[in-house]
Each structure stands twice: as C-alpha cells, then as structure tokens.
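All of the numbers you see were taken from the coordinates with simple rules; none came from a lab. None of the values given here were measured: they were computed from a predicted structure. Because the Cβ atoms are built from the backbone with ideal geometry, glycine has one as well, and the counts that use them run over all protein chains shown.
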Amino acid sequence: MKTKALLIFCSGLLLMQTAQAAPNPANGQILFVNSPCDTAALTTPNPKITDTVSLEKEVRQCDISRNINWYDDEIKDVVAYLNQTYYKFP
C-alpha cells in the first residue's frame, strides 16, 4: 500500500514539473542594456568569473544589489547574452 501511494506521489511530482525554455540571448541583451547593472564589471575580464556558474552568480548579485527583480529565466537570458558576447564559456 505504501509503495503504491509513493508511486502515485512521485508521478504527480513529475507531472507538476514545468518545461524550461532555452535561454534567449537576444532578450538577455535587451534586459542587460536597459538595466542599472555595472556594465564594466560584467563585460571586462574579472578573476571571479571563470565559468557560467560564476557568471550567473555575478548577474544574480547585480539583480539583488540593484533591486531589479528579474525572474530566473530572465537571469538565464542575461547570462546567455553575456557569455555569447563576452565570455565564450562552453
């Protein structure tokens, strides 16, 4: 009985997951250019930014410190734009 309930619960969780769209660098460019983020800090070489994870961390820090309130998908778009244009991380 417990196994059946667990199976139903797990199936429900799988059905509730939403699909994530691929990041949109063009939208990221619009968001970034129109944001109060420090452009130089995110577009020039920075020893803190060594991969897309650290780039996303810096973008999130800008979002928080400048009270921009981007959604997660918008942050991913900005990261995709910055990576495509400046960083070229795999």
Treat each spin label as a single point 7 Å out from the Cα along the C-beta direction, and report the Gln84 to Asn67 distance in nm.
3.1 nm
Report the label-to-label distance for Asn27 and Thr39 in nanometres (one decimal), using points 7 Å from each Cα along the Cα→Cβ vector.
2.3 nm
I need the P(r) histogram for region 25-80: all alpha carbon pairs, bin width 5 Å from 0 out to the longest distance, whole percents.
4, 21, 35, 29, 11, 1
